[in-house]
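Note sheet for the following structure.
What follows draws every value from the coordinates through simple rules; no lab data is involved. Since the structure is predicted, the reported quantities are computational estimates derived from the model, not experimental observations. Using ideal geometry, Cβ is built from the backbone for each residue, glycine included, and neighbour counts are taken over all protein chains shown.
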Amino acid sequence: MGEIDDAIERADREAFTKEPPKTLKGRIGYLIKQLGSAKAVAAELGVTADSVNRYRRGARKHARPDVAAKIDNAVRQRWQPMVRKRRRKQAAATGGITVETRARFGYTAPVGTTDDGRFRRLTVHLPATYAQRLFDARDAGASDRDMRGIIAEGFKEVYFQDGGGRAMGLSDVEINDIDYLDLDY
C-alpha cells in the first residue's frame, strides 16, 4: 500500500466508535463470525484451521508476530464498516477532506515566476468533490500516483490558486518526496 492508502486506513481507524476486541481469542471469534468458518479464517491468515481453532479455544494465548499482525489487519478491515461508510459518505457529500502533509511541491508556472520545487508543510481542507474522487479512485484500485494527482489538483485549486483568486497561470502541481501525509474526514 502507498502513502495515500495508509492515510485513508488511519483516518478510518480514527472513526471507530468502539475499539475492536483486544484478546487473541476475541479477535479470532470475531473473524470466524465474519468469515463463517475456521477454515475461511485460516485461508485469510495463511495458517491451518487447527491453529485457528486453538486460538479460538484459548489453547494458544499468543500468535507469532507475523500472524498477529495479519489477525489485527483482518479485524480492523472488517470492524465497524457502517461507521466508516457513513463518515466517507458525509465527507464525499458535504464535509470534504483535510490533508496535512510535508512534501516537496513542484509546479509548472508562467515564464518569469519561480517553479522550483520546495518542501512545504501544508494543512488544507479540500472540498467534498475531491474526497469523492479520492474514495472512488481507491475503490477502483488506483495507484498511489493517481491518488497523489487528485490531492495535488485539490491543492492547486484551494491553496495555490486560492479558489481562483491568484496564480491563475499555474498549470500542473506535483507532490513528491512525501515526508508524511495524514487525512481527516
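Some observations on this one:
- Modelled label positions at Glu174 and Ala128, each set 7 Å beyond Cα in the direction of Cβ, lie 3.4 nm from each other.
- Taking 18 Å as the straight-line reach from the Cα of Lys18, the lysines in range (excluding those fewer than 8 positions away in the same chain) are Lys33, Lys85.
- Top of Gln80, Gln132, Gln161 by mean-square fluctuation, Gaussian network on the chain, Cα under 10 Å: Gln161
- Result for the chain in a Gaussian network model with C-alpha springs under 10 Å: among Arg148, Arg138, Arg60, the largest mean-square fluctuation is at Arg60.
- Residues of type lysines that Lys39 reaches as a straight line, Cα spacing below 26 Å, ignoring anything fewer than 8 places off in the same chain: Lys22, Lys25, Lys61, Lys70
- Principal-axis analysis of the Cα atoms of the chain puts helix 128-139 at an angle of about 50° to the longest axis.
- Inter-centroid distance (Cα atoms) of the range 75-106 relative to the range 1-37, Å: 15
- If you plug the beta carbon distance of Arg121 and Met82 into 1/(1 + (r/R0)^6) with R0 = 45 Å, you get a FRET efficiency near 0.85.
- Computed over the chain, the P(r) curve from all C-alpha pair distances, binned at 5 Å from the origin, holds 1, 8, 14, 16, 13, 12, 10, 8, 7, 5, 3, 2, 1, 0, 0 percent per bin.
- GNM remark for the chain: springs join alpha carbons under 10 Å apart, and the peak mean-square fluctuation among Asp144, Asp50, Asp72 falls on Asp50.
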